[in-house]
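Trainee: Right, I'll just put the structure down here and ask away after.
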Amino acid sequence: MIGLEHFLFVSVAVFVLGLFCVLTRRNAIGILMGVELILNAANINYVAFARYSSVDYDGHLFAIFVIMLAAAEAAIGLAIVLGIYRTFETIDVDATDQLRG
Amino acid sequence: MNDLSVGTFVFYLLAAVTIGSAAGVAFTRNVVYSALFLLGTFAGVVGLYAWLAADFVAVVQLLVYIGGILVLTIFAVMLTHRIADVRVSNRSVGRIPALAVTLGVFVLMWRVVGRTSWNTVEPRPAEYTTPAIGEAFLGNYVLPFELASLVLLAALIGAIVLSRGATSER
């Protein structure tokens, strides 16, 4: 029987893979993909707890808020990435180090 | 033998698709392949939401994440992808320490999550969640709902201002 722990395992696995993405990518959009994986892992947690530990749908509401804010963040983040590409001709985060001392 | 039901098999299939696609996002060198594996991850998550009887959240995920965020990500990848140097743009030094840290975090999180005795209730039969979510959005959760729409408006204006570019400087 599928219980809460199965969904928590899926959530932890996706979170850890998103963390690996954020830590090792040099492409700025790759890092944003890792952030999206982390947000999806949190959403799976919310909805799984709403099903297995709750009698109302607050978890679903929080998941919808997370999706809304992830959309706003992705839009702004990708606009910034495109601005960086326009200025530097690259989106390698190791090459755009103008602020480094 | 009532443990091997269709629901259990479908869950394992959806979990495999989700975790496998997330692994594809993390370990592929080509960023275009990563974007397509991200599509697989989002689709697996839609299936998991549907398995959990979260019908409204599943459709919101499909429309907003796959239909909005993923399309935007693929646009950005295509606009910034240098076809000539496909090998340069996606690796970084420090893969082994990152793998060690990641495995450490995974072990730590799984020990904490696996050992906690969560208060679980028996899942109720599946029902339509849209009426309850709608009533909550306009009832108890009306303030976060309105603030989130303000955040989306600010993000929209900000993205337009950021993408206007240097050609229209005054």
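Trainee: Given the criterion more than 10 Å from chain A (Cβ to nearest Cβ) and open to solvent by 50 Å² or more (accessible area, probe 1.4 Å), identify the matching residue among B:Leu138, B:Leu147, B:Leu153. Reasoning before the result, please.
Mentor: Working: B:Leu147 fails: more than 10 Å from chain A (Cβ to nearest Cβ); B:Leu153 fails: more than 10 Å from chain A (Cβ to nearest Cβ).
It is B:Leu138.
Trainee: Still on this structure, please answer the following. Does the range B:11-21 contain any residue that is farther than 19 Å from A:Val10 by Cβ, in contact (Cβ under 8 Å) with a residue 40 or more places away in the chain and in contact with a Leu (Cβ under 9 Å, 6 or more places away or on another chain)?
Mentor: Within the range B:11-21, the first condition is being farther than 19 Å from A:Val10 by Cβ, and the residues that meet it are none.
No, because not a single residue in the range B:11-21 is farther than 19 Å from A:Val10 by Cβ, in contact (Cβ under 8 Å) with a residue 40 or more places away in the chain and in contact with a Leu (Cβ under 9 Å, 6 or more places away or on another chain).
Trainee: Hey, another quick one. Cβ-Cβ under 7 Å, sequence separation 6+ or interchain: first residue in the range B:32-44 and farther than 15 Å from B:Ala76 by Cα and open to solvent by less than 50 Å² (accessible area, probe 1.4 Å), partner hydroxyl-bearing (Ser, Thr, Tyr) and modelled with pLDDT of 95 or more. Which pairs?
Mentor: From residues that are farther than 15 Å from B:Ala76 by Cα and open to solvent by less than 50 Å² (accessible area, probe 1.4 Å), the pairs are B:Gly40/B:Ser21; B:Thr41/B:Thr18; B:Thr41/B:Ser21; B:Phe42/B:Tyr65; B:Gly44/B:Thr18; B:Gly44/B:Ser21.
Trainee: Criterion first (more than 9 Å from every other protein chain (Cβ to nearest Cβ), modelled with pLDDT of 95 or more and open to solvent by less than 20 Å² (accessible area, probe 1.4 Å)) does B:Gly47 satisfy it? Write out each step before concluding.
Mentor: On the way: more than 9 Å from every other protein chain (Cβ to nearest Cβ): yes; modelled with pLDDT of 95 or more: yes; open to solvent by less than 20 Å² (accessible area, probe 1.4 Å): yes.
So B:Gly47 fits the description; yes.
Trainee: In the list B:Val112, B:Val121, B:Val161, which residue meets the criterion of being modelled with pLDDT under 95 and within 7 Å of another protein chain (Cβ to nearest Cβ)? Steps first, please.
Mentor: Working: B:Val112 fails: within 7 Å of another protein chain (Cβ to nearest Cβ); B:Val161 fails: within 7 Å of another protein chain (Cβ to nearest Cβ).
Exactly one of B:Val112, B:Val121, B:Val161 is modelled with pLDDT under 95 and within 7 Å of another protein chain (Cβ to nearest Cβ), namely B:Val121.
Trainee: Moving to a separate point now. Is one or more of the residues making up the range B:1-10 open to solvent by 20 Å² or more (accessible area, probe 1.4 Å), among the aliphatic types (A, V, I, L, M) and either in a loop (DSSP other than H, G, I, E, B) or at positive phi (or both)?
Mentor: Yes: one or more hits.
Trainee: At the interface with another protein chain (Cβ under 7 Å from one of its Cβ atoms), of a type outside the set (D, E, K, R) and in contact with a Ser or Thr (Cβ under 8 Å, 6 or more places away or on another chain), is that true of A:Ala74?
Mentor: Answer is yes for this residue.
Trainee: Under 6 Å between Cβ atoms, which residue pairs at least 6 apart in sequence (or on different chains) link something in the range B:69-83 that is at the interface with chain A (Cβ under 9 Å from one of its Cβ atoms) with a partner that is open to solvent by 100 Å² or more (accessible area, probe 1.4 Å) and of a type in the set (Ser, Thr, Tyr)?
Mentor: none
Trainee: Of all residues in the range B:137-169, count the ones that are under 23 Å from A:Ala75 (Cα atoms), in a loop (DSSP other than H, G, I, E, B) and among the polar types (S, T, N, Q).
Mentor: Result for the range B:137-169: 1.
The values are calculated or read from the model by the stated rules, or taken from the named source; none is laboratory data. Treat the numbers as computed from the prediction; the structure is a model and nothing was measured. Note that we place each Cβ from the backbone using ideal geometry, even for glycine, and neighbour counts take in every protein chain shown. Please note that ligands, DNA and RNA were not included when accessible areas were found on the heavy atoms of the full protein model with its side chains. Shrake-Rupley method; radii C 1.70, N 1.55, O 1.52, S 1.80 Å.
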